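What follows is one structure encoded as structure tokens, with my remarks underneath.
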Amino acid sequence: FDQFNSNTSNLDNTESKFQISFKIPVIRNMFDGRAHLWVGYTQLAFWQVYNSKNSSPFRETNYEPEIMLDIEQNTKIFGLTLTHIVPAFNHQSNGRSDPISRSWNRIMTNFVFERGNFVLSLKPWYRIPESKKDDNNRDIDEYLGYGDYIAAYKHGGQVYSMLLRNNFRSNNNRTSVELDWSIPVTQRMKLYVQYINGYGDGLINYNYREHTIGVGVALTDWM
């Protein structure tokens, strides 16, 4: 964390992470009722809640608004059913000033396939170029790659999911993996276990490989 904190000894290895996400319909039933325009927002925060010596600061907060067009499908491909194609414009930033400002804009399309209790999401993206003067994370593609690839399976109320990223480079190839497991506790609450090995969990340290495990609660998941 030397890149963004001059006194790394003040940071705890154990911290709290929480995410709030929602999406709101703007226009429903476009194109013969098969398409719906949505706006969405995600906020992800990393809180040094146990770091009382340093006044329990928020280490990083990421903000991610987007607008997306959900186009319903029903196409059979290799035993799976393509159920949704979702083109979107996505902005992500940490709301900080230089030299620790991080931000990027992407055009992405999510292809969602389903079969029974299995869901596969292929979400390639294209980063909208910025001038070198304004770009404070110009090598982010080298670490986060060019898409999210997610597989999720539901069994007996429990959901197992895996997210993969890769930069598809022969030199300095980098892969990230996130494994999630949710277990229902009540009708609305789930125990949540997450393992991450890779890059991009938070923007501030996108170019640092992280190895983390966390346990918490979730109100929703992939399925």
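The values are calculated or read from the model by the stated rules, or taken from the named source; none is laboratory data. In this text, all values refer to a predicted model and were calculated from it rather than measured experimentally. Don't worry about glycine lacking a Cβ; one is built from the backbone with ideal geometry, like all the others, and counts go over all protein chains shown. All accessible areas refer to the heavy atoms of the entire protein, side chains included, with ligands and DNA or RNA removed. Shrake-Rupley method; radii C 1.70, N 1.55, O 1.52, S 1.80 Å.
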- Item | Residue list for segment 108-144, filter: outside any strand (DSSP E or B), over 19 Å from residue 93 (Cβ atoms) and in contact with a strand residue (DSSP E or B) (Cβ under 8 Å, 6 or more places away or on another chain) | 117
- Task: For segment 23-77, enumerate the residues that are open to solvent by less than 60 Å² (accessible area, probe 1.4 Å), more than 23 Å from residue 125 (Cα to Cα) and not in a loop (DSSP other than H, G, I, E, B).
- Result: 30, 45, 46, 54, 59, 60
- Item | Output for segment 177-211, where each listed residue is of a type in the set (S, T, N, Q), closer than 19 Å to residue 43 by Cβ and either in contact with a Leu (Cβ under 8 Å, 6 or more places away or on another chain) or part of a strand (DSSP E or B) (or both) | 194
- Item | Which numbered condition residue 184 fails, given (1) touching a Lys or Arg at 6+ places or on another chain (Cβ under 8 Å); (2) touching a residue at least 60 places away in the same chain (Cβ under 8 Å) | (2)
- Message: Among (1) surrounded by 14 or more Cβ atoms within 10 Å (Cβ to Cβ); (2) not in a strand (DSSP E or B), there is one condition residue 168 misses while meeting the rest; what is its number?
- Response: (1)
- Query: With (1) part of a strand (DSSP E or B); (2) over 19 Å from residue 102 (Cα atoms) as the list, and residue 220 as the residue in question, which single condition is left unmet?
  - Reply: (1)
- Message: Being farther than 25 Å from residue 39 by Cα and touching a residue at least 60 places away in the same chain (Cβ under 8 Å) is the requirement here; does residue 154 meet it?
- Response: yes
